[in-house]
Amino acid sequence: MTGTFWHAARQHLTASAGARVSLGIIVALVVLAVIGPWINPNGLETLDWSSVAQYPGIAHAHWFGTDRLGRDLYVRTLEGARVSMIVGLVASAVSLVLGLIYGAIAGYVGGRTDDLMMRIIEILGGLPLIFFVIFLTVVFGRNEYLLFASIGAVGWLTLARIVRGQALSIRRQEYIEAAIASGAGTARIIYKHVLPNVIGPVIVYATLTVPQIILLESFLSFLGLGIQEPRASLGTLIAEGAGEMEAAPWMLLAPGAFLTLLLVSLNIFGDRLRDAFDAGAGR
């Protein structure tokens, strides 16, 4: 990527009000999830039997209310948000590494290797991957680290196709021919020339992947296959709140609102980032 590309993309991104607002909301939510529990006297597992299923209020510092066990929903919502964010980031990193390497090799090497690697992706893409995640969770147990890896392992297919298409175009460039003529090997060319030149689309895809993975984790936790008690994620809190929706609606509204705001902000910022890279590529 040239300096002009990055400069134009940065200018377009900073000029977008949607990008600035969504990024500000994301940063605020992250900061709140990290330091928010420290400003509340209640702990994650503290049981307040005198305030069971209490409405949100300032009494006993239960700002989001409590659940049926008297646990503070403010602290649990922020803990759940922190867990969901970590799952989104770690699983996205796993999918990015797999997709980036796989797609770069397939696109640059080409020929039969490319055909074979793409057939594998087509086969995997035709499988109900959500059931693959559920299968791993059931077989190996409900382990958080397995959840990170399994979600990331099913999210790399689209990225691999994107990187492969970029690599097919890059391999025809003159600087690739010059590198081959100078005696550079395949691994060195992929590392030094292919990967740096596909980083733009990868960054955009990563931004759009995080909310998808957070939503997937929330869905699995809603089914009881994700984060387990006493830990909490936004999905488990929403599942608990759905069961008490009529009697204690605040149990659903607090984690649901946080998840909605986070996902909407991430998607808006990802869209604006994609527009910025498109603008930079047009310069």
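The values are calculated or read from the model by the stated rules, or taken from the named source; none is laboratory data. This is a predicted model, so every value here is computed, not measured. Because the Cβ atoms are built from the backbone with ideal geometry, glycine has one as well, and the counts that use them run over all protein chains shown.
Structure notes:
- Residues (in contact with a Phe, Trp or Tyr (Cβ under 7 Å, 6 or more places away or on another chain) and closer than 20 Å to LEU234 by Cβ) located in the range 32-61: ASN40, PRO56
- Residues satisfying the criterion are absent from the range 134-147 (criterion: part of a helix (DSSP H, G or I) and either at pLDDT 80 or above or of a type in the set (Gly, Ala, Ser) (or both)).
- Which listed residue, of ALA242, ALA248, ALA232, is among the hydrophobic types (A, V, I, L, M, F, W, C) and in a helix (DSSP H, G or I): ALA242
- When the range 190-237 is filtered for residues that are under 17 Å from LEU266 (Cα atoms) and of a type in the set (Phe, Trp, Tyr), only TYR205 remains.
- Each residue in the range 55-83 was checked for being part of a helix (DSSP H, G or I) and within 30 Å of the chain's Cα centre (by Cα), and 11 pass.
- Enumeration of residues in the range 125-181 that are surrounded by 18 or more Cβ atoms within 10 Å (Cβ to Cβ) and charged (D, E, K, R): ARG161, ARG164, ARG171
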